[in-house]
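Comments concern the structure below.
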Amino acid sequence: MSSLLNVFKVPELRKKIGFTLFVLALYRLGTHIPSPGISIDQVRRLSDQGNQGGVVGFLNLFSGGALTQFSVFALGIMPYITASIIMQLLQVVIPKLEKWAKEGATGQKKITQWTRYVTMALALLQASTFTYIFHRGDFLGAGSNFDLFDGKFTPGRVSLVVLTLVAGVALVMWMGELITQRGIGNGMSIMIFANVVSRLPASLNAIRTSRGLVIFLLVLAIITAMIIAIVIIENGQRRIPVEFAKRMVGRKMMGGQHTYIPLKVNQAGVVPIIFASSVLNFPVLLSNVLPEGARAWVSNNLAKSDNLWHIFFYGLLIVFFAYFYTAISFDPRQQAENLQKQGGYIRPIRPGRDTETYLQRLLNRITLPGAIFIMIIALIPSLLLLLLNVNNFQFAGTSILIAVGVALETVKQIDSQLMLRNYDGFLEGSATRRRPSQLVR
């Protein structure tokens, strides 16, 4: 509590937190304002479908319930996340983007600008797609008679809805960047955190109401154990010791320092889960154009999260994308080249190719337990549904993984600001405090 009170003793930090909460309040307000031109009665049916999980439940996760309400922020922050991932993947295959990534702040500014362009293009595509899908209503099953437009699917109404959704994405993107610049933490991550956390109380209450107190307490214990495990794994890293050779610069002896390269156990974060869910849900979204036999198999297996085929493919895809994204985000060859240029080496590994081979082998070994961990976390909701018949807590593993990860990063930023001003932080006790003169030295 003393550390929490220290947050409000720093005027600058207090203003940042207040600004962040204000923007989040506006964002959550926008998620409850329906888009013009749609039927409110059909929106209620869509909301009930989202509470039952499935494809709609997954898409609804990152929008904080805005999609099933078809609000002005229905698409949420997902177009920006997808655009950011695409731009990061393209840096490997497009030399121009790779050059920008190495230019520092100037190059990052160009990448950010192009990320915005890709975001708006994806928002236009997704808005048009969802408008058509929710007009057809086939994802609710044959004969559902669901139409978000109540049969009035005119070009004017469609254009109004699509324009509203695209404008909502632009506004959400701007609000996220405002939080990053003037608030605390990463704006986009904070907004995802708000969306995910907003769904948890309703899910827990649904479990308590439908399954009783015993199952509710059991699920609560599982969630607590998951949070503890996620905190441990997210902070877990393998530190590779690096030494720098001494060299003369003018009349001074430089180098001779000891540092380390931190390799996180979960290097890919929650990205493999997002990729795997998107790939697995893609056949479900396209099941209407598949042959009759394939459509029945997809509906009976991939569309049901408690099916063994769904669990098997989901887990396999998570492990694959964990290795795939880790290979993109951490390049052993580039790390080895940078160390060699700076005069650093890993004892007793020779610089150059041997260092690259050593880092690659170590990265493969560390990625495996991290991939298995996030696979277990992601599959817990399916296992709960299969073993305990708990069907009101879809994608809890993904939700908690995102929430805990974002919370840890935000707390670390607040903690660093407190320690900079000689206050006790959340992560460091009073025993590690240093006087300003000691910090200068």
Original post:
What is the count of Lys pairs in the range 83-242 whose alpha carbons sit under 16 Å apart, if the two are 8 or more places apart or on different chains?
Top reply: 5
**OP:** Can you pull the one-decimal nm distance between simple spin-label points at SER2 and MET120, each 7 Å off the Cα toward Cβ?
**Re:** 5.2
**OP:** With a Förster radius of 30 Å, plug the Cβ-Cβ distance of LEU420 and ILE228 into 1/(1 + (r/R0)^6) and report the FRET value to the nearest 0.05.
**Re:** 0.55
Original post:
So for the pair ALA294, LEU362, with labels modelled 7 Å out along Cα→Cβ, what separation do we get in nm?
Top reply: 4.6
Subject >> Rounded if a/c under 1.5, otherwise prolate or oblate - the range 158-204, Cα gyration tensor axes >> reply: oblate
Original post:
Protein chains only, probe 1.4 Å: how do GLU243, GLU292, GLU337 rank by accessible area, largest first?
Top reply: GLU292, GLU337, GLU243
**OP:** With all protein chains present, calculate the accessible area of LEU4 using a 1.4 Å probe and round the result to the nearest 10 Å².
**Re:** 80
Original post:
Want the number for VAL93 to VAL214: 0.36 nm per residue separation, take away the alpha-carbon distance, what's left?
Top reply: 38.3 nm
Subject >> Surface accessible to a 1.4 Å probe, HIS310 within the full protein complex, Å² >> reply: 20
Subject >> PHE282, PHE324, reordered so the largest accessible area comes first (probe 1.4 Å) >> reply: PHE282, PHE324
**OP:** For LEU163 and LEU308, calculate 0.36 nm times their separation in residues minus their Cα-Cα distance, and state this gained length in nm to one decimal.
**Re:** 48.1 nm
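The values are calculated or read from the model by the stated rules, or taken from the named source; none is laboratory data. None of these values were measured; they are calculated from a predicted model. Quick reminder, even Gly has a Cβ in these numbers, built from the backbone with ideal geometry, and neighbours come from all protein chains shown. Only protein heavy atoms, including side chains, enter the accessible area calculation; ligands, DNA and RNA are left aside. Shrake-Rupley method; radii C 1.70, N 1.55, O 1.52, S 1.80 Å.
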